[in-house]
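Note sheet for the following structure.
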């Protein structure tokens, strides 16, 4: 075999090995979580509340808390992201300003989640005096995922054929009517996709909520806004992961991890059909 | 003609400014809030190796060192495997498999950091300490900078792979056709033509992955050991790898931010760390963006 | 059929897209006489480029396509397992409509393949470089700036560079897929001179939709037209014969349309 052939084979082998490693890691991670936590999953686990510092009972209110945070995040992120998408495409003139704003949007995406948590601690918790509040957590999570939602929305917006826009303008539609009657409906699948993806991330985040919204035990459903914390699945795992393991707790922590993974996966998969469709349409274009 | 208030325009511009201004607002807020400490400590905030809030000493050098080491290890491990995976998906893999591979890699990206942290605590920690024993390295436990680096490598691997794949895919197929048409093997075409063409995009991918690594808190917090003010005597000594350490994020992810609320100076110092983290990550993000722009420009010039 | 031997030929070549049930080429029996210029004409989308890519197995790079039938180089089936496709492509070079320049200087571009193949010793490089650039009609224009980046050349010069790059490894056949379509008159003329210069020692297969170009350069012409959705070799003959007295209705129709002045 010549040297060139050998190098070619080596390249193929190395690339394949890398991909197998990555996939192997994924399967290993999922496998370990499922193996360790499977025994904890039961109807009782999902519907009961926590007892004995996690050694007994279930994770009902942790799930409820996560649901509240996620719903708030969605309510915050959607209008902001939609507005940003429309603003960048329709109202902000092309050029330096638009490029800068887009760059800032991408920058927001890169901000570490702990920074959100810190700002939340200093601003919401202390300066505004909210103490731990589900609203702070939801606001921070919502802001955090705005870029994800906005980028997916922008992709769909920019894919709207120019002919469609020209036809609408030709019919005499004003800009704002163009937005509400044509752009928003046509690109709405981008908003949905982006939101599902963003929420998938928000559901699993610990850092933004650990100072501002989540506690380990003692909360059920919040009553007000000030001093109204919630429980949350990721924070629950985080706290328990730090103590040396009581074996009774161990299985339940893994079980919580399975539930969290399930939620994250479901949200991410929910975005999949739309994403595949966008991918197909882009490919054919 | 009366001018009606264009609600749609108002709403979208307002929110666009909100989204765009958010980063700046955070940076300014952190800057203003941490100014007392930054002014007081001056450069020793970065270079001083003494973080002792009770004594009102705020030198973050050890944390900067820890952050650099942990992120460096993560990239060192994740880059080859990630770019290799991207090469597989883009250049080697049969097209029908490509989507499946990409989806699986993305799945890895979606796993929350706390789950990685849990795996690190329960499994990686013991694996590492066994390894240290096997190699007869003197390590007190499995909670070390190296452990955090390895865990972080797994976490940024999907980022490297996905973004590198994007960079490789942006090289048009006509380039590969031209190279293969000359009789070059696939490896030669990739090495001689595709990789150079994709280089800015690959670099951008690594910078963004580095940004992710720098900002990761939860998983690193759980396995890094959280030992204060550990700075090695020599820059190149390997001893810190098997020793517990501290990073910017592991400090911020602990109890100290909450404790700091009681003392304005302490709060300022903690927020200063946050500002530092934000500044570095933003710089990397800008760099990556500039590289991507350069790549797009190069594409546009091609006939 | 010409009297000469066919250096390249296809027998019943059929290319399909199984996933979409489409056929791109059907039952093509194409012969390329050695040492001559063979023109390939036909309407766009008929499958001429696909045929080219089959001749040097570049079609392999598109796994979605299924190739059946035979492609013979010097009488040997090129898809036989013992054949190294990379070696085949060294011997059957190809030039595309849009020139692709590799990163680096003009010199690096021209010697790109030669260096990877290790075909030339250090001392031989300069001579090979000059020879290839002269054959491609580019040497005079670049001889003083061989170290400058190839991207600084004009499109026409880049195309000649691409030809020189292919010529360095001394291929026996050069496939040209519409090499002048993207170029101005001066560059097109230079490339046509190159084709005539190479004729004899090298076999050229030239796909073109400029019929006057085919008349000027080709010794032998084949016409590929779509028939029931797939490209078929309708007619092939000596150049003068095909243009003056075509026998098949599809050829007549194509030439009839094609004899309108090309702007």
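The values are calculated or read from the model by the stated rules, or taken from the named source; none is laboratory data. Only a predicted model underlies this, so the values are computations on that prediction, with no experimental measurement involved. Ideal geometry is used to build each Cβ from the backbone, glycine not excepted, and the neighbour counts take in all protein chains shown.
Looking at (1) surrounded by 24 or more Cβ atoms within 10 Å (Cβ to Cβ); (2) in contact (Cβ under 8 Å) with a residue 60 or more places away in the chain; (3) within 8 Å of chain B (Cβ to nearest Cβ), find the lone condition where residue A:119 falls short.
Among (1) surrounded by 24 or more Cβ atoms within 10 Å (Cβ to Cβ); (2) in contact (Cβ under 8 Å) with a residue 60 or more places away in the chain; (3) within 8 Å of chain B (Cβ to nearest Cβ), the lone unmet condition for residue A:119 is (2).
Here is a yes/no grid of residues against (1) in contact (Cβ under 8 Å) with a residue 40 or more places away in the chain; (2) farther than 21 Å from residue B:201 by Cβ; (3) in contact with a strand residue (DSSP E or B) (Cβ under 8 Å, 6 or more places away or on another chain):
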| site | (1), (2), (3) |
| --- | --- |
| B:60 | yes, yes, yes |
| B:71 | yes, no, no |
| B:75 | yes, no, no |
| B:87 | yes, no, no |
| B:92 | yes, no, no |
| B:97 | no, yes, no |
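Which one of the conditions (1) facing another protein chain (nearest Cβ under 10 Å); (2) within 30 Å of residue C:113 (Cβ to Cβ); (3) buried (at least 21 other Cβ atoms within 10 Å of the Cβ) does residue B:212 fail to meet, given that it meets all the rest?
If we test residue B:212 against (1) facing another protein chain (nearest Cβ under 10 Å); (2) within 30 Å of residue C:113 (Cβ to Cβ); (3) buried (at least 21 other Cβ atoms within 10 Å of the Cβ), just (2) comes out false.
Specify the residue that is surrounded by the fewest Cβ atoms within 10 Å (Cβ to Cβ); the eligible residues are those in region A:145-163 that are under 32 Å from the mean Cα position of the chain (by Cα) and more than 19 Å from residue B:16 (Cβ to Cβ). Reasoning before the result, please.
Just the residues of region A:145-163 that are under 32 Å from the mean Cα position of the chain (by Cα), to begin with: A:145-162.
Applying the additional criterion that residues be more than 19 Å from residue B:16 (Cβ to Cβ) yields A:159, A:161-162.
Numbers: A:159: 14, A:161: 10, A:162: 7.
If we take residues in region A:145-163 being under 32 Å from the mean Cα position of the chain (by Cα) and more than 19 Å from residue B:16 (Cβ to Cβ), then A:162 is surrounded by the fewest Cβ atoms within 10 Å (Cβ to Cβ).
Within region C:63-77, work out how many residues are farther than 17 Å from residue C:33 by Cα and either at pLDDT below 90 or in contact with a helix residue (DSSP H, G or I) (Cβ under 7 Å, 6 or more places away or on another chain) (or both).
4
Please report, ordered by residue number, the helices (runs of 4 or more DSSP H) entirely within region B:1-105 with at least 2 residues that are more than 7 Å from every other protein chain (Cβ to nearest Cβ) and surrounded by 17 or more Cβ atoms within 10 Å (Cβ to Cβ).
In region B:1-105, the matching helices (runs of 4 or more DSSP H) lie at B:7-41, B:61-87.
Checking residue C:80 against (1) more than 13 Å from chain B (Cβ to nearest Cβ); (2) closer than 21 Å to residue C:174 by Cβ; (3) outside any strand (DSSP E or B): exactly one of these is not met. Which one?
Every listed condition holds for residue C:80 apart from (2).
Condition test on residue A:103, is it surrounded by 24 or more Cβ atoms within 10 Å (Cβ to Cβ) and within 8 Å of chain B (Cβ to nearest Cβ)? Please lay out each step first, then the result.
On the way: surrounded by 24 or more Cβ atoms within 10 Å (Cβ to Cβ): no; within 8 Å of chain B (Cβ to nearest Cβ): yes.
In short, no.
Which residue is nearest to residue B:125 (Cα to Cα), if the candidates are limited to region B:235-251 and must be away from every other protein chain (no Cβ under 14 Å) and part of a helix (DSSP H, G or I)?
B:242
Please specify each residue of region A:114-138 satisfying the condition of being within 18 Å of residue A:231 (Cβ to Cβ) and not in a strand (DSSP E or B).
Hits for region A:114-138 are A:117, A:120, A:125, A:130, A:131, A:132, A:134, A:135, A:136, A:137, A:138.
Inside region A:240-275, can you point out the residues that are buried (at least 19 other Cβ atoms within 10 Å of the Cβ) and free of Cβ contacts under 8 Å to residues at least 40 places away in the same chain?
Residue satisfying the conditions is A:241 alone.
Of the conditions (1) out of contact with any helix residue (DSSP H, G or I) (no Cβ under 9 Å at 6 or more places or on another chain); (2) buried (at least 18 other Cβ atoms within 10 Å of the Cβ); (3) without any contact (Cβ under 8 Å) to a residue 24 or more places away in the chain, residue C:230 fails just one. Which one is it?
Just one mismatch for residue C:230, condition (3).
In the set C:21, C:45, C:39, C:27, which member is surrounded by 23 or more Cβ atoms within 10 Å (Cβ to Cβ) and either over 17 Å from the mean Cα position of the chain (by Cα) or under 23 Å from residue C:253 (Cα atoms) (or both)?
One residue alone meets the criteria, C:39.
What residue, of A:20, A:69, A:26, is at pLDDT 90 or above, out of contact with any helix residue (DSSP H, G or I) (no Cβ under 6 Å at 6 or more places or on another chain) and within 14 Å of chain B (Cβ to nearest Cβ)?
A:20
Quick one: in region A:39-66, of everything that is surrounded by fewer than 18 Cβ atoms within 10 Å (Cβ to Cβ) and in contact with a helix residue (DSSP H, G or I) (Cβ under 7 Å, 6 or more places away or on another chain), which residue is farthest from residue A:234 (Cα to Cα)?
Top of the filtered list is A:39.
Residues of region B:114-123 being within 7 Å of chain A (Cβ to nearest Cβ), touching a residue at least 12 places away in the same chain (Cβ under 8 Å) and under 28 Å from residue B:166 (Cα atoms), which ones?
Result: B:114, single match.
Could you go through region C:65-77 and let me know if any residue there is at the interface with another protein chain (Cβ under 9 Å from one of its Cβ atoms), assigned to a loop (DSSP other than H, G, I, E, B), free of Cβ contacts under 8 Å to residues at least 40 places away in the same chain and surrounded by fewer than 20 Cβ atoms within 10 Å (Cβ to Cβ).
no
Report yes if residue A:30 is touching a residue at least 60 places away in the same chain (Cβ under 8 Å), surrounded by 14 or more Cβ atoms within 10 Å (Cβ to Cβ) and within 30 Å of residue B:86 (Cα to Cα), otherwise no.
The answer is yes for residue A:30.
Restricting the search to region C:156-197, which residues are touching a strand residue (DSSP E or B) at 6+ places or on another chain (Cβ under 9 Å) and surrounded by fewer than 18 Cβ atoms within 10 Å (Cβ to Cβ)?
C:170, C:172, C:196
Looking at B:177, B:166 in this structure, which one is farther than 13 Å from residue B:87 by Cα and surrounded by fewer than 24 Cβ atoms within 10 Å (Cβ to Cβ)?
Being farther than 13 Å from residue B:87 by Cα and surrounded by fewer than 24 Cβ atoms within 10 Å (Cβ to Cβ) holds for just one of B:177, B:166, which is B:177.
When the residues of region C:79-98 are narrowed to those that are in contact with a helix residue (DSSP H, G or I) (Cβ under 7 Å, 6 or more places away or on another chain) and surrounded by fewer than 20 Cβ atoms within 10 Å (Cβ to Cβ), which ends up farthest from residue C:165 (Cα to Cα)?
C:85
Quick one: is residue A:178 assigned to a helix (DSSP H, G or I) and at pLDDT below 95?
Against the criterion (assigned to a helix (DSSP H, G or I) and at pLDDT below 95), residue A:178 qualifies.
Outside any loop (DSSP other than H, G, I, E, B) and in contact with a strand residue (DSSP E or B) (Cβ under 8 Å, 6 or more places away or on another chain) - does that describe any residue in region B:290-301?
No, region B:290-301 contains no residue that is outside any loop (DSSP other than H, G, I, E, B) and in contact with a strand residue (DSSP E or B) (Cβ under 8 Å, 6 or more places away or on another chain).
Which of the residues belonging to region B:245-262 are surrounded by fewer than 24 Cβ atoms within 10 Å (Cβ to Cβ), within 24 Å of residue A:234 (Cβ to Cβ) and more than 20 Å from the chain's Cα centre (by Cα)?
Selection gives B:255, B:256, B:258, B:259, B:260, B:261.
Residue C:115 fails exactly one of the following numbered conditions: (1) within 13 Å of chain B (Cβ to nearest Cβ); (2) at pLDDT 90 or above. What is the number of that condition?
Exception for residue C:115: condition (2).
Taking residue C:152 as the residue in question, decide whether it is over 19 Å from residue C:207 (Cα atoms), within 13 Å of another protein chain (Cβ to nearest Cβ) and without any contact (Cβ under 8 Å) to a residue 12 or more places away in the chain. Walk me through it before giving the result.
On the way: over 19 Å from residue C:207 (Cα atoms): yes; within 13 Å of another protein chain (Cβ to nearest Cβ): yes; without any contact (Cβ under 8 Å) to a residue 12 or more places away in the chain: yes.
Judged against the criteria, residue C:152 is a match.
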